[in-house]
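*Asks:* The structure's right below; bear with me while I get my questions together.
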Amino acid sequence: MNTPVTQQLKLEARSLEEQYPLYQLIAPDGTLSEEGQAHYDVALMRQIYAQMLRARLFDRKCVNLQRQGRIGTYAPFEGQEAAQVGSALALDEKDWLFPTYRDHAATLTFGHSMVQVLLYWAARMEGCVPPEGKHIFPPSVPIATQIPHAVGAAWAEKMKGSRQAAIVYFGDGATSEGDFHEGLNFASVFHVPVVFFCQNNGFAISVPMERQMRSKTIAQKALAYDLAGIRVDGNDGLAVYTATKTALHRAREKGEPTLIEAVTWRYGAHTTADDPTKYRDQKESEQRRIFDPLDRMEKALKKQGDWDEEWAQGLRETFTREIDEAVKTMEAYPQADPADMFKYVFEEPTWNLQEQQKVFESYPGEMKSL
């Protein structure tokens, strides 16, 4: 029945979607908007491009290493480089970064060791240890559990009177978890300096966004907690950097949290153990290469007359050597001991953990390494 109430509800639903337009500074063909021209900086653009290239080469190497049995199951991110690199470059050196299992482009950009990231995928505990002085949380595999942790760290910084903020990464699926809502609510009530960064690639593993939620956008979920919500083109490195920089400024100066929805697309599988053809048309995925974040940045630099082919080739050679050296270092470590999974969970092992360890130790040697 089309009553005045239902008409108003439909109007509000439409206006909500209109309130969160996609923030873009560089069009897919490399054309800068008027605001993009104002934010254009050659050194910054080259830095974003370089870090995205480094991340993509690393990502492709890791997929090959997994296929060769040299690391375990791996979570690729090709296509999401602009979202991760642009946001991580906006951080201050002493800020906090809370990644998922897929955000190693962000952690590498923020100063994580490439060797440590590889060790993580080789199942060694050292892979969870960041370089000295870097506030990088271990990758979170359970969905959304890192969000309350990030809020707590940022709240602690506020209570200490520091100017440090936190950024926490998660996917669209995490916004259906209770931890997401608890984190946003707490951050809102206590004015916590945190940026919630959602990489929305349209799927939570095999579940498309329209099967997860009725919300037209993820950014609008900020409205329930009286927070700022921003939708940004996640394949536009300059737009991501600018939006995140603005959000971090609000966090430091006003204690105002922000929810950023970076609309992006991952070309490959959820993990190397996944078959995306079961739930997604991979032809569409390849067609989306016209929005590729590296190509877009290259086109923008070319349109501005700032592209240097020799420079780009030099980057590729430098990063390839860096990755090869990191792989050599990683593979020089002994194989991970499966018994390590019983360590460091609790200060004193619980009775059920002790029982599980006894059962594990009773297995023949070859079964322990499976």
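*Asks:* Can we say residue 178 is closer than 22 Å to residue 199 by Cα, touching a strand residue (DSSP E or B) at 6+ places or on another chain (Cβ under 9 Å) and not hydrophobic (A, V, I, L, M, F, W, C)?
*Replies:* No: the conditions fail for residue 178.
*Asks:* Taking the conditions exactly as written (open to solvent by less than 100 Å² (accessible area, probe 1.4 Å), closer than 30 Å to residue 27 by Cβ and β-branched (Val, Ile, Thr)), does residue 318 satisfy them or not?
*Replies:* Taking the combined requirement at face value, the residue satisfies it.
*Asks:* Any residue in region 69-95 that's free of Cβ contacts under 8 Å to residues at least 60 places away in the same chain: show its pairings with residues that are acidic (Asp, Glu) and part of a loop (DSSP other than H, G, I, E, B) at Cβ separation under 6 Å, as long as the two are six or more apart or on different chains.
*Replies:* none
*Asks:* Condition first: touching an Asp or Glu at 6+ places or on another chain (Cβ under 9 Å), farther than 15 Å from residue 269 by Cβ and crowded, with 24+ Cβ neighbours inside 10 Å. Can you find one or more residues in region 72-80 that meet it?
*Replies:* no
*Asks:* For the subset of region 323-362 comprising residues that are hydroxyl-bearing (Ser, Thr, Tyr) and not in a helix (DSSP H, G or I), which member is most open to solvent (accessible area, probe 1.4 Å)?
*Replies:* Our first condition is that a residue be hydroxyl-bearing (Ser, Thr, Tyr); within region 323-362, this holds for 329, 333, 344, 350, 362.
Filter again for not in a helix (DSSP H, G or I), leaving 333, 344, 350, 362.
Values: 333: 83, 344: 174, 350: 43, 362: 83 Å².
Of everything passing the filter in region 323-362, 344 is most open to solvent (accessible area, probe 1.4 Å).
*Asks:* I would also like to ask the following. In region 181-193, what residues are touching a residue at least 40 places away in the same chain (Cβ under 8 Å) and surrounded by 23 or more Cβ atoms within 10 Å (Cβ to Cβ)?
*Replies:* Passing the criteria: 184, 187, 192, 193.
*Asks:* Failed condition for residue 304, given (1) in contact with a helix residue (DSSP H, G or I) (Cβ under 8 Å, 6 or more places away or on another chain); (2) among the polar types (S, T, N, Q); (3) free of Cβ contacts under 8 Å to residues at least 40 places away in the same chain, with all others met?
*Replies:* Status for residue 304: all satisfied but (3).
*Asks:* Now for a separate question. Against the definition (open to solvent by 60 Å² or more (accessible area, probe 1.4 Å), closer than 19 Å to residue 235 by Cα and out of contact with any Cys (no Cβ under 9 Å at 6 or more places or on another chain)), how does residue 295 come out, yes or no?
*Replies:* Yes.
*Asks:* Out of (1) modelled with pLDDT of 95 or more; (2) open to solvent by 40 Å² or more (accessible area, probe 1.4 Å), what's the single condition that is false for residue 107?
*Replies:* (2)
*Asks:* Under the condition of being assigned to a loop (DSSP other than H, G, I, E, B) and open to solvent by 50 Å² or more (accessible area, probe 1.4 Å), which residue from region 257-278 is farthest from residue 155 (Cα to Cα)?
*Replies:* The extreme case among them is 275.
*Asks:* List the number of the failed condition for residue 318; all other conditions in (1) under 30 Å from residue 154 (Cβ atoms); (2) assigned to a helix (DSSP H, G or I) hold.
*Replies:* Unmet condition: (1).
*Asks:* If you take the residues of region 320-359 that are modelled with pLDDT under 90 and hydrophobic (A, V, I, L, M, F, W, C), which of them is farthest from the chain's Cα centre (by Cα)?
*Replies:* 339
*Asks:* Which condition does residue 282 not pass, out of (1) surrounded by 15 or more Cβ atoms within 10 Å (Cβ to Cβ); (2) in contact with a helix residue (DSSP H, G or I) (Cβ under 7 Å, 6 or more places away or on another chain); (3) of a type in the set (S, T, N, Q), if it passes all the others?
*Replies:* Of (1) surrounded by 15 or more Cβ atoms within 10 Å (Cβ to Cβ); (2) in contact with a helix residue (DSSP H, G or I) (Cβ under 7 Å, 6 or more places away or on another chain); (3) of a type in the set (S, T, N, Q), only one is false for residue 282: (1).
*Asks:* Can you pull out the residues in region 145-169 that are closer than 17 Å to residue 110 by Cβ, open to solvent by less than 60 Å² (accessible area, probe 1.4 Å) and either of a type in the set (A, V, I, L, M, F, W, C) or not in a loop (DSSP other than H, G, I, E, B) (or both)?
*Replies:* Answer for region 145-169, where residues must be closer than 17 Å to residue 110 by Cβ, open to solvent by less than 60 Å² (accessible area, probe 1.4 Å) and either of a type in the set (A, V, I, L, M, F, W, C) or not in a loop (DSSP other than H, G, I, E, B) (or both): 146, 150, 153, 154, 157, 165, 166, 167, 168, 169.
*Asks:* I've got another one for you. Being within 20 Å of residue 247 (Cβ to Cβ) and among the hydroxyl-bearing types (Ser, Thr, Tyr) is the filter here, so list the residues in region 155-187 that pass it.
*Replies:* Hits for region 155-187 are 162, 169, 175.
*Asks:* Based on this model, can you work out whether residue 296 counts as touching a residue at least 40 places away in the same chain (Cβ under 8 Å) and in a helix (DSSP H, G or I)? Walk me through it before giving the result.
*Replies:* Details: touching a residue at least 40 places away in the same chain (Cβ under 8 Å): yes; in a helix (DSSP H, G or I): yes.
Taking the combined requirement at face value, the residue satisfies it.
*Asks:* I'm trying to understand the selection: among the residues of region 118-134, which are open to solvent by less than 50 Å² (accessible area, probe 1.4 Å), under 20 Å from residue 344 (Cα atoms) and touching a residue at least 24 places away in the same chain (Cβ under 8 Å)?
*Replies:* Across region 118-134, the qualifying residues are 119, 121, 122, 124.
*Asks:* Name the single residue, out of those in region 194-215 being part of a loop (DSSP other than H, G, I, E, B) and among the polar types (S, T, N, Q), that is least open to solvent (accessible area, probe 1.4 Å).
*Replies:* 201
*Asks:* Name the one entry in 218, 230 that is open to solvent by less than 10 Å² (accessible area, probe 1.4 Å) and either free of Cβ contacts under 8 Å to residues at least 24 places away in the same chain or among the aliphatic types (A, V, I, L, M) (or both).
*Replies:* Answer to the selection: 218.
The values are calculated or read from the model by the stated rules, or taken from the named source; none is laboratory data. Being a predicted model, the structure only gives us computed values, none of them experimental. With ideal geometry, Cβ positions are generated from the backbone for all residues, glycine too; neighbour counts draw on all protein chains shown. Keep in mind that these areas ignore ligands, DNA and RNA; they rest on the heavy atoms of the full protein, side chains included. Shrake-Rupley method; radii C 1.70, N 1.55, O 1.52, S 1.80 Å.
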